[in-house]
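Student: I'd like to ask you about the structure that follows.
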Amino acid sequence: MTDRLYYHDSFLYDFDAEVRSVVESPRPALILDRTAFYPTSGGQIHDTGWIVAAEQSADPAGKLRVTEVAEAEDGHVVHYLEAPLKDVKPGTRVRGEIDSVRRRDHMQQHSAQHVLSAAFVRLFNMPTVSFHMADDYCSIDLDTPSLTQNQIESAERLANEIVIENRPVDIRFTTRDEAAALGLRKLPPTERDQLRLIDIHDFDLTACGGTHVAHTGQIASILLRKSEKVRHGYRVEFVAGLRAVAAARRDFSALTETATLFSANIYDVPQQVRKSLDEIKSLRKQREQSQEDLAAAQAEALLAEVPEKHGRRLVVRIVSGHDLNFLKLLAQKLTRQSSGAIALLAAESPQPALVFAQSAGQPYDMAALLKQTMVKLGGRGGGSKDLAQGGAPSSEGLAAALAEAAQTLTV
Ligand SMILES: [Zn+2]
């Protein structure tokens with residue numbers, strides 16, 4: 001098993017080691033006798049960094065990026081490299097260098113998780129059942145049937161108080177029996193004899209193999225974000241340290257941009273959005289009413305224009321400046337305002353469209369007539385015997401098609 005240096009010191013960013021084995025495929029990788037690189041495990045994602053052969057340390061070409069670190073089933077830590085390291089064989093001395101910015105971020109997130117999980121237990125007796133760390137945010141799953149906004153804010157408050165108090169965070173090793181007597185927040189299910197405990201003084205004691213800050217003040221800040229119901233409880237997303245600052249910065253930028261659009265203060269944005277939505281709703285209603293009124297007036301004028309023949313009035317018209325919805329509305333008004341109306345209507349823009357309609361009880365088949373017309377126009381459409389609609393690819397030939405359709409009707 002690889003000797004894990006991070007078990008004893010999370011701030012060890014450089015270390016010397018000896019190569020135990022060299023892996024060439026499927027990806028180049030090294031197994032060392034000891035490492036400070038953290039492999040993905042226990043919810044925490046892996047470190048990245050660099051490995052260089054000790055005698056090449058002055059040669060920048062001999063320094064290779066460690067892109068991923070994983071735990072093998074036999075307990076070895078596998079360091080995946082971006083390319084094979086030259087002239088390296090078992091026994092070669094190497095130097096490892098951890099990406100300290102990434103490591104510090106992981107320490108902040110993972111330590112924040114311990115503080116937060118303990119806060120939810122202390123305040124509301126809600127145990128954490130799982131922890132997930134991603135590149136941009138982290139989350140814990142709480143075993144609870146309900147979770148209120150007040151509870152979220154109280155846990156966030158207590159967690160940040162523990163950060164401000166700058167409590168020591170110690171690493172301790174105990175036997176399983178000793179640990180059971182100490183009253184751990186979470187005892188791991190594995191049958192390991194020795195346990196590594198993370199002790200946040202007088203606040204939280206739990207078994208964990210992750211990398212953690214030395215004092216809670218190094219977490220800097222904990223910000224709770226989205227919460228959602230999941231299968232076994234509630235998932236709470238959070239960010240800590242510089243991620244919290246970045247998240248607050250992003251929120252502020254988005255809010256400021258929105259507030260500028262409304263010429264408002266950022267805290268008035270929800271009220272402004274509500275007001276605008278109400279206005280849109282009311283304008284939409286007004287528009288619908290205007291369209292109804294307009295269609296009714298146009299129908300009346302059109303019916304007055306065409307002569308009645310055998311109790312029927314045939315209206316053939318290209319209506320400009322209106323869409324398919326208005327066309328349908330107009331057809332409805334025409335066929336309801338007169339008991340013998342046949343309407344063959346088309347719109348040229350914004351989208352060429354046709355609506356054929358007849359008053360109830362008239363003998364024609366509008367759907368069949370529209371289909372015939374559409375074949376000529378290269379469009380598609382359908383409907384019922386009394387009302388059919390369709391769209392044409394272009395407005396070319398619309399007038400001729402309407403006239404042709406009208407001729408087939410023996411009005
Ligand atoms: Zn942990």
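The values are calculated or read from the model by the stated rules, or taken from the named source; none is laboratory data. Given the structure is predicted, the values throughout are model-derived calculations rather than measurements. Neighbour counts run over all protein chains shown; Cβ positions are idealised from the backbone, glycine included.
Student: Any residue in region 44-51 that is within 16 Å of the ligand (Cβ to nearest atom), of a type in the set (A, V, I, L, M, F, W, C) and at pLDDT below 95?
Tutor: Yes: one or more hits.
Student: Give the number of residues within region 101-160 that are within 15 Å of the ligand (Cβ to nearest atom), more than 15 Å from His232 (Cβ to Cβ) and surrounded by fewer than 16 Cβ atoms within 10 Å (Cβ to Cβ).
Tutor: 0
Student: Also, quick follow-up: Within region 298-411, which helices (runs of 4 or more DSSP H) (wholly inside it) include 1 or more residues that are under 22 Å from Glu288 (Cβ atoms)?
Tutor: The helices (runs of 4 or more DSSP H) meeting that bar are 324-337.
Student: So if I check each of Thr40, Thr92, which one is out of contact with any Cys (no Cβ under 6 Å at 6 or more places or on another chain) and closer than 23 Å to Asp135 by Cα?
Tutor: Unique residue meeting the criteria: Thr40.
Student: Those residues that are surrounded by fewer than 18 Cβ atoms within 10 Å (Cβ to Cβ) and closer than 17 Å to Val319 by Cβ, I need them from region 353-393; list them, please.
Tutor: The answer is Gly391, and nothing else.
Student: Do you know which residues across region 153-172 are within 13 Å of Ala118 (Cα to Cα) and not hydroxyl-bearing (Ser, Thr, Tyr)?
Tutor: Passing the criteria: Ala155, Glu156, Arg157, Leu158, Ala159, Asn160, Glu161, Ile162, Val163.
Student: Also, quick follow-up: Which residue pairs have Cβ atoms under 8 Å apart, sit 6 or more places apart or on different chains, and have a first residue in region 200-216 that is of a type in the set (Asp, Glu) and a second that is assigned to a loop (DSSP other than H, G, I, E, B) and near the ligand (Cβ under 9 Å from one of its atoms)?
Tutor: none
Student: Next question, about the same structure. Every residue in region 16-57 that is closer than 16 Å to Tyr6 by Cα and charged (D, E, K, R), please.
Tutor: Those that are closer than 16 Å to Tyr6 by Cα and charged (D, E, K, R): Asp16, Asp33, Arg34, Asp47.
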